[in-house]
Amino acid sequence: MSKVGQRGVLSENMPCLLLLLLFLIQAWPVKPQQAYDRNIFILAGQSNMAGRGGVVNNTATWDGVVSPQSRPNPSVLKLDAHLTWVAAREPLDADIDSAKTNGVGPGMAFANWVLEKHPEFGLIGLVPCAIGGSNISEWERGKELYNQMIKRAKASLRDGGTIRALLWYQGETDTVNLHDAQLYQTRVHKFFLDVRDDLRSPLLPIIQVALASGSGPYIEMVRQAQLGIDLLNLRTVDAHGLPLQPDGLHLSTPAQVHLGQMMADAFLQFVPSSNPNYNVSPILNEAIRLYNYAFYVNMLPLFSTMYPTFL
């Protein structure tokens, strides 16, 4: 084929290749990089998940002390009460568990520890949902606390991201009544399954905390219920023995930091040692790959004619 003929074939094919590239990119819109990278964690339960570290006993005030492990990080966001992503900082639940005084919880220490262990992990989005004093029966499917948690979880996905795990710390209130303690395992097991079902994530990792304390005499009964749950992709972190505030119920600030790191270590058991690169859409990568392949296939005959000595 003459040079003119080869150029004619190239000129005829190039518009088609460009159209193919544009179609592939427009058919699957590329999400903004931050949204695409966002790793989302739901934080639910009662007061020790909401955070009471540093809340001064009998004064309903927080001492404002934040450990270095819990300080703000530009790679950690939270979904606020208005369903808007904002910079995450302690106390995480101040606008969620708003009827109570909130202090340091495990959430920020969890996020910072994940990023310290895996710097390439990407942006973290925390979705606080914990409410102090809540009984497991209040987290039943269809009730207000459950519905609000699912609403917030789904809202966190509106502009991209993936829910990576549920972090759950609850049960102190269920130690007061024998009936509640006896039913705890059945209720929380159903709760976990309902969450996975409503989020359409049947293998969603769940990090559960076994109680460090309780409001009543049946602490050990609830603890054994938590430790005895057999569920795929469930990890239970035992908070027993962690330092408590003077009230004997809530974890101290150092204990919350330690718990957050324990929960992070449990979650990281689900994370491969080498994470895939989430910075660029795989659809865009494939479009570019196809375009480059087609471009070079069509350019090769012309290149070989113009520069035969290089081949």
Conditions (1) touching a Ser or Thr at 6+ places or on another chain (Cβ under 6 Å); (2) closer than 27 Å to ASN112 by Cβ; (3) surrounded by fewer than 17 Cβ atoms within 10 Å (Cβ to Cβ) -> GLY216 fails only (2)
GLY133 vs (1) farther than 22 Å from MET108 by Cα; (2) surrounded by fewer than 15 Cβ atoms within 10 Å (Cβ to Cβ); (3) out of contact with any Asp or Glu (no Cβ under 8 Å at 6 or more places or on another chain): all pass except (1)
Could you check, for the range 107-117, whether at least one of its residues is farther than 26 Å from PRO254 by Cβ and at pLDDT 95 or above? no
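Have a look at GLY125, GLY142, GLY160, GLY171 and point out the one that is at pLDDT below 95 and either at positive phi or crowded, with 22+ Cβ neighbours inside 10 Å (or both).
The conditions single out GLY160.
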If GLN26 satisfies every condition in (1) under 32 Å from the mean Cα position of the chain (by Cα); (2) at pLDDT 55 or above but one, which is the exception? (2)
Take the conditions out of contact with any Gly (no Cβ under 8 Å at 6 or more places or on another chain) and among the β-branched types (Val, Ile, Thr) and apply them to VAL222. Does it pass? no
Just the residues that are in contact with a strand residue (DSSP E or B) (Cβ under 8 Å, 6 or more places away or on another chain), assigned to a loop (DSSP other than H, G, I, E, B) and surrounded by fewer than 24 Cβ atoms within 10 Å (Cβ to Cβ), please, taken from the range 97-120. THR101
In the range 107-148, anything in contact (Cβ under 8 Å) with a residue 60 or more places away in the chain, out of contact with any Phe, Trp or Tyr (no Cβ under 7 Å at 6 or more places or on another chain) and under 22 Å from SER213 (Cα atoms) is listed as GLY107, MET108, ALA109, PHE110, PRO128, CYS129, ALA130, ILE131, GLY132, GLY133, SER134
Since ILE42 meets every condition but one in (1) closer than 26 Å to GLN148 by Cα; (2) over 16 Å from the mean Cα position of the chain (by Cα), which condition does it not meet? (2)
Subset of the range 215-272, residues aliphatic (A, V, I, L, M) and in a loop (DSSP other than H, G, I, E, B), comes to ILE229, LEU231, LEU232, ALA239, LEU242, LEU249, VAL271
Tell me, please, whether a residue that is closer than 23 Å to ILE40 by Cβ and of a type in the set (Val, Ile, Thr) can be found in the range 166-186. no
Looking at the structure I just gave you, is GLY64 small (Gly, Ala, Ser), over 19 Å from the mean Cα position of the chain (by Cα), within 21 Å of LEU249 (Cα to Cα) and crowded, with 19+ Cβ neighbours inside 10 Å? no
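The values are calculated or read from the model by the stated rules, or taken from the named source; none is laboratory data. Keep in mind it's a predicted model, so treat the numbers as computed, not measured. Cβ sites come from the backbone with ideal geometry, for glycine too, and all protein chains shown count toward neighbours.
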